Amino acid sequence: MESGCGEMHAAFCGAPGALGMPGSLKWAVSGRDGAGVRARTGLVCGGARQEVRVRCRGAARSAVMSAAGVEADVEEREKVDKRAARREIMGSERFNRRGYKTTKEEVEGMMNLEFTSGLIQELRDQAYIVQKGDLTIKLAKAYGFCWGVERAVAIAYEARQQFPTQTLWLTNEVIHNPIVNRRLAEMGVRFVPQEGLTKDLTVVDDGDVVILPAFGATLEEMQYLNSRGVQIVDTTCPWVSKVWNALDKHQRMEATSIIHGKWKHEETVATASFADKFLIVLNMDEANYVADYILNGGDKQEFFSKFHEKAMSAGFDPDRDLQAIGIANQTTMLKGETEEIGKLFEKTMMKKYGVAEITQRFVAFNTICDATQERQDAMYDLIKEDMDLLLVIGGFNSSNTSHLQEIAEHANLTSYWVNEPNCIGPDNRILFRNSAGEEFVKEGFLPKGKVTIGVTSGASTPDKVVEDVLERVFMIHKLSA
Ligand code: SF4
């Protein structure tokens, strides 16, 4: 990473919106262990946390059961309880996931003002191509703000209007866009402190309002907040909830959820928290390794060294836990790769256990969201066009944007991934990332004379940001003419 780039991003990434990756909660580290002991001994009932209260019902019954029976009963109950606990929290009158009608109209006006763009409208009106002097801009046919992101931002704004005097917290960036998160910070929304992988929810006080981001929150976070009795405003995208529902089905057939995703990504962290048994695979290489292990067995220690401990559920045993599997995914992964991984495991399970057993051994649902698919498909169309370079615009921690950049790289096109207008300097210098997350600076990135630029933006990027980036490009081109 070059220093100029680092300096520039420090200016933005120091903002409350750039909070890094999520992880375990401080309370949860001790709470989970403690709860586990209590559940096994059956000695403690009536704890403040819902997790404990639910387990206590099992403990009461255990008095008439054998020790082995108790253990099995508690394990079984814990499996069901994840689903039940989520539903109970979501059914609480202090849990809102639809926004606030009374503030909707006002928020709609604010969002139009802040996020829409005349230039992007012009591009849409002119079949996604505009020409300004020697510069031609070709916009992908599907780009930018998706429905789920727009909905999440609207609900967060509505919550601010609805609770003007209360302290509002976000458990993470509401979406992966620095400008949107900065805007929320300006509105007085605070971000829960996070150090490395540890989040500190103890900052939340009685009477506060806590907003859960578009990619969801973990079950432990939800349980803690629920136990605190605070108002929860849930902006989780329904597409993400759809994956969680798929996980419920895996659990019903006692299958391990193989999640195609990035184990550090907030969405995948949340998703994994709703699974009883899970293994997170990043790509085809990792999937092939697991498939081979299923078919031929292998060295367990090598298996554990290959996957990060957070990419597996606690106590995961590849010899025991890969006998029935369900496929799930981070909603923003490359669609083709998720499909390929699903097919690979379906074939593997058929080969290992025979066709007759496949319905008990394997399950997959289509849980890649439409918005991700559409943006990726439009990108594949865009890269067929003649152009000199591509600009991919979106937050640097946005997974779906990284995949758009990846498509350009696989096609060997000159492509720059930028997260905001300041990435482009008046001296024809661009600060950008590649899909692997490496940062670079390129001097003189914009050629002189006739230039055609392909443009796309990630699902969490407002049109206004795209316009502001392009305005800089127009200015540089004019200056260098
Ligand atoms: S990209 Fe898909 S899953 Fe993510 S917020 Fe948008 S619609 Fe929802």
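Readers should treat all values here as calculations from the given coordinates under stated rules, not as data from a laboratory. Computed from a predicted structure; not experimentally measured. Methodologically, a virtual Cβ is constructed for each residue, glycine included, from the backbone with ideal geometry; neighbour enumeration extends over all protein chains shown.
Considering amide H positions built from the backbone, and no H for Pro or chain starts, which residues 5 or more places from residue 96, or on another chain, come under 5 Å of its amide H?
Amide H to amide H, under 5 Å and 5 or more residues apart or across chains, residue 96 pairs with 232, 233, 234.
Report, in listed order, any pair from 262/306; 300/351; 82/242; 82/249; 199/310; 141/478 with a Cα-Cα distance greater than 19 Å.
300/351; 141/478, as the Cα separations exceed 19 Å there.
Check the straight Cα-Cα distances from residue 450 and name the aspartates and glutamates below 13 Å, setting aside those fewer than 8 residues away within the same chain.
Cα-Cα hits under 13 Å: 134, 386, 388.
Give a quick list of trypsin sites (Lys or Arg not before Pro) in region 100-183 that DSSP marks as loop, anything other than H, G, I, E or B, with at most 16 other Cβ atoms within 10 Å.
Here the sparse-neighbourhood loop sites are 141.
Suppose the chain between residue 471 and residue 165 were pulled fully straight at 0.36 nm per residue; how much longer would it get relative to their current alpha carbon spacing?
Gain on stretching residue 471 to residue 165: 106.4 nm.
Quick one: if the Förster radius is 45 Å, what FRET efficiency do residue 205 and residue 310 give, using the C-beta to C-beta distance and rounding to 0.05?
It comes out at approximately 0.95.
Measure out, as a whole number of angstrom, how far apart the alpha-carbon centroids of region 137-159 and region 327-385 sit.
25 Å
Using a 10 Å cut-off on Cβ atoms, rank the peptides 259-270, 106-117, 242-253 from the highest mean neighbour count down.
259-270, 242-253, 106-117
Taking the alpha-carbon distance from residue 347 and a cut-off under 16 Å, which lysines remain once sequence neighbours fewer than 8 residues away in the same chain are dropped?
none
With a point put 7 Å past each Cα toward its Cβ, work out how far residue 365 is from residue 381 in nm, to one decimal.
Placing both labels 7 Å beyond Cα along the Cβ direction yields 2.9 nm.
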